[in-house]
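Comments concern the structure below.
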Amino acid sequence: MVHTRSGAGTEPLTLPDQLNVVASRGIQCPVCYERRSLCCMALARCGHGICIACAPNFFYHNFKANQAPSCPECRAEAAGDSGAPLYTYLYEPGFREAAVLMLRRLSDQ
Ligand SMILES: [Zn+2]
Ligand SMILES: [Zn+2]
């Protein structure tokens, strides 16, 4: 089980057992190829993500190129109309959904 810090307003990141097994192996960052814990990832809504060590640099390149942050794996960009940012971090809305999407994909491989 991947537990997050408990406290007011934060839900533990509870996942189905099968996905916990996948999460426990760590997630490989597509930028630095390090295996990271799920909690150390910025997750994109497409179900991909990059680690929080790489995220600032990566987003800065997008910023300098005057582009919205995109996914390095599938080139998904922030959903236009909703204005929701592509990436979510732990404790943010949408993180669990992105985590489930990512872990399902990894468990199918
Ligand atoms: Zn990385
Ligand atoms: Zn993607």
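The values are calculated or read from the model by the stated rules, or taken from the named source; none is laboratory data. On a predicted model such as this, the values are computed, not experimentally measured, just so you know. Note that each Cβ is placed from the backbone with ideal geometry, even for glycine, and that neighbours are counted across all protein chains shown.
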* To do: Could you tell me whether L90 is of a type in the set (A, V, I, L, M, F, W, C), under 13 Å from the mean Cα position of the chain (by Cα), more than 16 Å from ligand 1 (Cβ to nearest atom) and closer than 27 Å to Q18 by Cα?
  => no
* Residues (within 12 Å of ligand 1 (Cβ to nearest atom) and buried (at least 20 other Cβ atoms within 10 Å of the Cβ)) located in the stretch 24-47 -> I27, C29, M41, A42
* To do: Could you list all residues from the stretch 48-64 that are aromatic (F, W, Y) and within 9 Å of ligand 1 (Cβ to nearest atom)?
  => F58
* Mind listing whichever residues of the stretch 1-29 are of a type in the set (D, E, K, R) and at pLDDT 55 or above? => D17, R25
